């Protein structure tokens with residue numbers, strides 16, 4: 001993947017800003033979810049969406065090298 | 001006094017104390033070197049960094065204050081959720097660059113980076129002082145978290161608070177950053193258990209979430225919050241600017257930067273930007289405890305006011321042993337950030353004030369000794385503050401701290417991308433931002449929302465955001481003026497490749513000592 005292609009993926013990270021700072025788009029009560037107003041469950045949903053978007057950008061722009069693999073230990077060795 | 005709760009609480013407290021001292025031997029390094037004591041040798045991988053930053057950023061004060069805000073004002077207090085959603089894309093993009101340049105040049109603090117980048121001792125001093133100033137009241141507020149849960153178990157007086165802090169100070173002194181990192185493992189596990197149990201059991205006892213929101217809506221309307229659990233249209237701007245300003249400020253705090261720099265790779269930071277939102281989800285659930293408190297009819301209690309909501313709710317809903325468990329989660333949740341904050345402030349003082357202005361030819365061992373000593377002084381100061389002054393002072397100062405720390409953003413973050421901004425223009429912008437931001441907050445009697453009059457309209461928004469925009473404007477205009485006047489902009493000791501590099505080289509002689517792993 002070329003460098004310029006990789007940069008395009010970073011635009012995904014702008015989406016949570018637009019969604020969360022555009023408060024009137026989610027300030028309403030309906031549709032409710034099991035009695036929870038839209039305002040609340042929508043923001044909880046965005047915690048997940050933002051994390052997934054970040055993960056997508058992470059995998060799409062990853063440039064693994066030998067040096068990098070050596071410094072970041074596998075998770076299961078962490079607590080040793 | 002509740003002896004069952006107290007026993008569970010004390011046992012968990014003893015467990016983390018033992019861990020705190022034992023941590024000195026964990027991934028053993030030479031603690032007479034500041035990067036070992038103050039950054040744990042930059043050896044934490046993805047998982048430990050996740051626990052450390054989670055324990056560091058989501059503090060006990062947060063767990064008390066966010067539900068209290070929701071309990072008192074309804075939806076506006078919920079801005080903590082969008083705030084912690086939008087902070088991580090920023091971390092993903094920006095913080096790996098800070099990590100790389102700091103690793104490459106053996107910088108331990110943000111002010112170290114600013115000095116190296118801009119060749120300006122004065123700008124670095126401004127960054128260091130702002131960091132220390134913003135951190136001190138934050139440490140003090142962690143004590144409030146402990147105080148509230150102690151009161152919940154019927155313990156009053158200052159002695160238990162002093163004992164807790166002396167223990168904290170001792171293991172921070174001996175083990176450095178390894179202590180809070182190891183304690184964070186335990187703390188985060190019991191916090192997750194507590195919150196998951198709370199958000200399942202409490203709504204079940206109150207008749208479900210629908211019932212909780214309906215009852216909270218009624219309770220807020222009875223308190224003259226006309227829009228109930230929702231935002232009024234006049235609050236949209238405040239909600240958005242508080243989220244954005246807080247998100248931009250969070251990783252300028254010294255304790256956040258310390259957490260980032262202690263990780264072992266850019267990859268660990270990027271992975272954490274995707275994994276730390278798990279704590280944001282948790283924080284959102286904790287915020288809902290405010291509504292559960294309203295639905296359950298918890299009454300604010302002097303002198304804690306609305307901050308009583310979480311302890312009050314737990315006492316009403318849970319058996320004693322679980323109350324002790326939950327309260328321990330909150331108290332231990334205060335120790336982790338307090339420890340990291342005091343280490344971060346000590347690193348700043350030692351590196352950017354002591355070493356520059358008091359004693360330049362300091363040995364590694366002396367440098368580490370000074371930092372350990374300063375970490376004690378910082379905590380003693382916080383304790384003094386809480387014991388002898390009204391809590392409201394610490395709350396007001398912490399609010400100002402957010403306005404202050406965001407003023408370091410132009411130098412720290414823009415500096416990671418370009419050296420276009422002139423060092424003296426950045427200093428001028430910082431000074432203007434500090435003064436105007438402080439004046440805005442004081443003019444509103446220490447409320448964070450300032451009604452900005454622009455042309456014919458007034459926009460109520462977070463004072464930190466308004467003042468940092470002004471800071472940027474001054475820095476940009478100043479840069480044009482200083483460049484036009486050909487004022488010298490110093491020598492940059494960093495190179496473009498430093499911001500994307502993965503390893504430290506060439507090594508500083510003091511860091512060639514091999515650090516044995518245990």
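Data table
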quantity: Residue list for region B:82-111, filter: assigned to a helix (DSSP H, G or I), more than 14 Å from chain A (Cβ to nearest Cβ) and in contact with a helix residue (DSSP H, G or I) (Cβ under 6 Å, 6 or more places away or on another chain); calculated: B:101, B:102, B:105, B:110, B:111
quantity: Subset of region A:19-29 [farther than 12 Å from residue A:49 by Cβ and within 16 Å of the chain's Cα centre (by Cα)]; calculated: A:21
quantity: Within region B:476-512, considering residues that are modelled with pLDDT under 50 and surrounded by 13 or more Cβ atoms within 10 Å (Cβ to Cβ), the one nearest to the chain's Cα centre (by Cα); calculated: B:511
quantity: Residue match in region B:468-487 (condition: in contact (Cβ under 8 Å) with a residue 12 or more places away in the chain, over 17 Å from residue B:414 (Cα atoms) and not in a helix (DSSP H, G or I)); calculated: yes
quantity: Which listed residue is under 30 Å from residue B:203 (Cα atoms) and touching a residue at least 60 places away in the same chain (Cβ under 8 Å), from B:250, B:285; calculated: B:285
quantity: Some residue of region B:45-64 being within 30 Å of residue B:295 (Cα to Cα) and either touching a strand residue (DSSP E or B) at 6+ places or on another chain (Cβ under 9 Å) or within 14 Å of another protein chain (Cβ to nearest Cβ) (or both); calculated: yes
quantity: Some residue of region B:21-28 being modelled with pLDDT of 90 or more, buried (at least 24 other Cβ atoms within 10 Å of the Cβ), more than 13 Å from chain A (Cβ to nearest Cβ) and assigned to a helix (DSSP H, G or I); calculated: no
quantity: Candidates B:340, B:353, filtered to the one that is within 30 Å of residue B:367 (Cβ to Cβ), buried (at least 24 other Cβ atoms within 10 Å of the Cβ) and touching a residue at least 60 places away in the same chain (Cβ under 8 Å); calculated: B:340
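The values are calculated or read from the model by the stated rules, or taken from the named source; none is laboratory data. Owing to the predicted nature of the structure, the values given are computational and were not obtained by experimental measurement. Cβ sites come from the backbone with ideal geometry, for glycine too, and all protein chains shown count toward neighbours.
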